[in-house]
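Step one of this worksheet: look at the structure below.
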Amino acid sequence: GAVVSQHPSWVICKSGTSVKIECRSLDFQATTMFWYRQFPKQSLMLMATSNEGSKATYEQGVEKDKFLINHASLTLSTLTVTSAHPEDSSFYICSASGASGRLDEQFFGPGTRLTVL
Amino acid sequence: SQQGEEDPQALSIQEGENATMNCSYKTSINNLQWYRQNSGRGLVHLILIRSNEREKHSGRLRVTLDTSKKSSSLLITASRAADTASYFCATDAGGYNKLIFGAGTRLAVHP
């Protein structure tokens, strides 16, 4: 149980386009979802925290107008990278918490590799 | 956000040997978690240890926590080539259930 999926698993896009990444909790209702970015051989950096039905809270230095987060339901959050540029190329990972009996834990999706040409 | 420190950054061992990774953090925590990440993949949760626990085991994994020193260690015994991965500690020091990740240790286990 407590499975999180992400779609797509990888995406290549042209500079200036927007890309949407979906994060779904498959077998539990995620009260909170988190979005992380990971550059090669580095650790995960939290970008934002989103709660269902409310605005996301962004970490310092993360542009909220560039990284649009929508948490429309208890099982789905989306991250849209707007006007993507090559420096946005990274591995984006979501996680979700709220699984019954395991509220302390975050369950991670498999990640989405974004390459901006 | 502040990250914890992990050492070593990289560790290379032979199959059958034990691997020890250390993690230090800066602020009070309620729990600390260890994750594994295979190259280019998502994170796999290994162990959660609460602040009132000192040691926890799961199969070949042993985690210790010393809150007075703000440090934790992950020991993998009798390592296997399949243990090759990056290992991260994460604390809930961010508040609101946010995780703060350490820099990670890249473990390579050679057959």
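The values are calculated or read from the model by the stated rules, or taken from the named source; none is laboratory data. None of the values given here were measured: they were computed from a predicted structure. Because the Cβ atoms are built from the backbone with ideal geometry, glycine has one as well, and the counts that use them run over all protein chains shown.
Of the residues that make up the stretch B:61-70, is at least one touching a strand residue (DSSP E or B) at 6+ places or on another chain (Cβ under 8 Å) and within 11 Å of chain A (Cβ to nearest Cβ)? Within the stretch B:61-70, none of the residues are touching a strand residue (DSSP E or B) at 6+ places or on another chain (Cβ under 8 Å) and within 11 Å of chain A (Cβ to nearest Cβ). Residues in the stretch B:88-101 include none that are more than 12 Å from every other protein chain (Cβ to nearest Cβ) and aromatic (Phe, Trp, Tyr). Looking only at residues of the stretch A:28-44 that are among the hydrophobic types (A, V, I, L, M, F, W, C) and buried (at least 18 other Cβ atoms within 10 Å of the Cβ), we find that the one that is farthest from B:Pro8 (Cα to Cα) is A:Phe28. Report yes if some residue within the stretch B:14-30 is in a strand (DSSP E or B) and more than 29 Å from B:Pro111 (Cβ to Cβ); otherwise report no. Checked against the condition, which is being in a strand (DSSP E or B) and more than 29 Å from B:Pro111 (Cβ to Cβ), the stretch B:14-30 yields at least one hit. Annotation: of all residues in the stretch A:11-27 being within 14 Å of another protein chain (Cβ to nearest Cβ), more than 13 Å from A:Arg113 (Cα to Cα) and not hydroxyl-bearing (Ser, Thr, Tyr), the one that is surrounded by the most Cβ atoms within 10 Å (Cβ to Cβ) is A:Cys23. Do we have any residue at all in the stretch A:34-45 that's within 11 Å of chain B (Cβ to nearest Cβ) and aromatic (Phe, Trp, Tyr)? Scanning the stretch A:34-45, I find at least one residue that is within 11 Å of chain B (Cβ to nearest Cβ) and aromatic (Phe, Trp, Tyr), so the answer is yes. The listed residues are B:Gly59, B:Gly102, and the only one of them that is modelled with pLDDT under 95 and either small (Gly, Ala, Ser) or touching a helix residue (DSSP H, G or I) at 6+ places or on another chain (Cβ under 7 Å) (or both) turns out to be B:Gly102. When restricted to residues that are assigned to a loop (DSSP other than H, G, I, E, B) and either buried (at least 17 other Cβ atoms within 10 Å of the Cβ) or in contact with a Pro (Cβ under 7 Å, 6 or more places away or on another chain) (or both), the stretch B:57-83 contains 2.
With the condition being in contact (Cβ under 8 Å) with a residue 60 or more places away in the chain, I'd like the strands (runs of 3 or more DSSP E) fully within chain A carrying at least 1 qualifying residues. Break it down into steps so the answer makes sense when it comes.
Values: elements: A:4-7, A:10-13, A:19-25, A:32-38, A:44-51, A:67-73, A:76-81, A:90-97, A:112-116.
By residue number, A:4-7, A:10-13, A:19-25, A:32-38, A:76-81, A:90-97, A:112-116.
Does the stretch B:33-40 contain at least one residue that is crowded, with 16+ Cβ neighbours inside 10 Å, touching a residue at least 40 places away in the same chain (Cβ under 8 Å) and touching a His at 6+ places or on another chain (Cβ under 7 Å)? Checking the stretch B:33-40: at least one residue is crowded, with 16+ Cβ neighbours inside 10 Å, touching a residue at least 40 places away in the same chain (Cβ under 8 Å) and touching a His at 6+ places or on another chain (Cβ under 7 Å).
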